[in-house]
Amino acid sequence: KYDIQKIDLSDLDLRLKVDKKGRENYIIWKTDTVTTSEAAVKFALEKITLNNIKVSYKNRQNKTKLAFVLDEAVFSGKFNESNYLLESEGVLNAETLVFKDRNYLSNKKLSYNFNVDVGKKQYIIKTAEVKINEVLLNTQGKFWTIDSLFFADIAFKGKNLDIKTAMSLLPESALGKIKDYESEGEFYAEGILRGILNADETPEITADFGVKNAKITYKPNNVTLEQVNFTGSYKNIHGEENLELKGINASLKNNKIEGYYSMVNFSDPYLNINFKTNADLADVVSFYPIDTI
């Protein structure tokens, strides 16, 4: 008789797939239909350690693609029980996270620790901290399943953020457009994700964020936009995205800038922009060069 209490896994390359019909390539075991009075092997698992685990996951049903390398991680809990507390911490490098043909993470380093109450069809996040690059997010909420549908109700809040670390989350394509600028100042963000996670429906995402007393410098000309402040909101309701920036104000040398900005429907955007300034055009172009002027 064997009681398996701990598993160590190292140097694995896992390539997991789900096809359009929902068939997984990783279900490699058979269901035992023979009834026995006493099992020879019992999983009394309480700890799993992972090192150098390479994972790629493609789900054609919900158009999800995930690739990461798990440098190290530890999972502990009484896994053989139907309800238990799962504790985990680890470090990984996320190569990509694509959902519905949109890449949300690209080449980012993450570290995490969390406590989750695991039930039969419900996972309640008691505490969770995720660090993406140097951005720390506190998370609470739950996941659950009903009739094969996967639901989420998650709240997140940024902690000890600044603009420089927050900008590090942008994909490489966006960073290329702002590589000549550097910034400093306070940045805050919090929001929720709520709804069904599948290919046909988009969960509701809302977030509030803002910038306080920031500086943005155009490095080639050493020109700085100072006292930058604004509040912002992002909403994705039923697949329609809306970005709004309110109370924009800043100063460029002796020039004051005030404004409002909103964009609806990112794929075919409708813009509403209202700015007021009394500025020397040479100063404006020195901060944001426009080669057609």
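The values are calculated or read from the model by the stated rules, or taken from the named source; none is laboratory data. As the structure is a computational prediction, the values presented were derived from the model and not from experiment. Here the Cβ is made from the backbone with ideal geometry for all residues, glycine too, and neighbour counts use every protein chain on show. These area figures cover heavy atoms from the full protein model, side chains too; ligands, DNA and RNA do not enter into them. Shrake-Rupley method; radii C 1.70, N 1.55, O 1.52, S 1.80 Å.
With respect to the conditions (1) modelled with pLDDT under 80; (2) under 28 Å from residue 230 (Cβ atoms), residue 137 lacks only one, and its number is (1). The C-beta contact set for the stretch 79-97 (first residue under 20 Å from residue 7 (Cβ atoms), second residue open to solvent by 30 Å² or more (accessible area, probe 1.4 Å) and small (Gly, Ala, Ser), distance under 9 angstrom, 6+ apart or interchain) comprises 85/76; 86/76; 87/76; 88/76; 89/111; 90/111; 91/111; 92/111.
Test residue 152 against the stated conditions and say whether it is touching a residue at least 40 places away in the same chain (Cβ under 8 Å), touching a Lys or Arg at 6+ places or on another chain (Cβ under 7 Å), within 24 Å of residue 56 (Cβ to Cβ) and open to solvent by less than 40 Å² (accessible area, probe 1.4 Å). Lay out the reasoning, then the answer.
Numbers: touching a residue at least 40 places away in the same chain (Cβ under 8 Å): yes; touching a Lys or Arg at 6+ places or on another chain (Cβ under 7 Å): yes; within 24 Å of residue 56 (Cβ to Cβ): yes; open to solvent by less than 40 Å² (accessible area, probe 1.4 Å): yes.
For residue 152, the condition - touching a residue at least 40 places away in the same chain (Cβ under 8 Å), touching a Lys or Arg at 6+ places or on another chain (Cβ under 7 Å), within 24 Å of residue 56 (Cβ to Cβ) and open to solvent by less than 40 Å² (accessible area, probe 1.4 Å) - is met.
Just checking: which of the strands (runs of 3 or more DSSP E) contained wholly in the stretch 30-105 hold 3 or more residues that are among the charged types (D, E, K, R) and either at pLDDT below 75 or touching a Ser or Thr at 6+ places or on another chain (Cβ under 7 Å) (or both)? Spell out the reasoning first.
Details: elements: 41-59, 64-76, 84-99.
Hits in the stretch 30-105: 41-59.
The residue of the stretch 226-248 that is nearest to residue 277 (Cα to Cα), among those that are surrounded by fewer than 16 Cβ atoms within 10 Å (Cβ to Cβ) and at pLDDT below 90, is 240.
Can you pull out every residue in the stretch 277-293 that is part of a loop (DSSP other than H, G, I, E, B) and of a type in the set (D, E, K, R)? Don't jump to the end; show me each part of the working.
Pass one, the stretch 277-293, residues part of a loop (DSSP other than H, G, I, E, B): 278-280, 288-293.
Matches in the stretch 277-293: 280, 291.
Entry remark, the stretch 97-129: residues being open to solvent by 40 Å² or more (accessible area, probe 1.4 Å) and of a type in the set (A, V, I, L, M) number 2 in total.
Within the stretch 57-95, being buried (at least 16 other Cβ atoms within 10 Å of the Cβ) and hydroxyl-bearing (Ser, Thr, Tyr) holds for 57, 64, 76, 84, 88.
When the residues of the stretch 119-142 are narrowed to those that are among the charged types (D, E, K, R) and in a strand (DSSP E or B), which ends up nearest to residue 162 (Cα to Cα)? Can you show your working first?
Our first condition is that a residue be among the charged types (D, E, K, R); within the stretch 119-142, this holds for 120-121, 126, 129, 131, 134, 142.
Those left that are additionally in a strand (DSSP E or B): 126, 129, 131, 142.
Numbers: 126: 26, 129: 17, 131: 14, 142: 28 Å.
The extreme case among them is 131.
Only one of the listed residues (202, 206) is surrounded by fewer than 16 Cβ atoms within 10 Å (Cβ to Cβ), among the hydroxyl-bearing types (Ser, Thr, Tyr) and within 18 Å of the chain's Cα centre (by Cα). That residue is 206.
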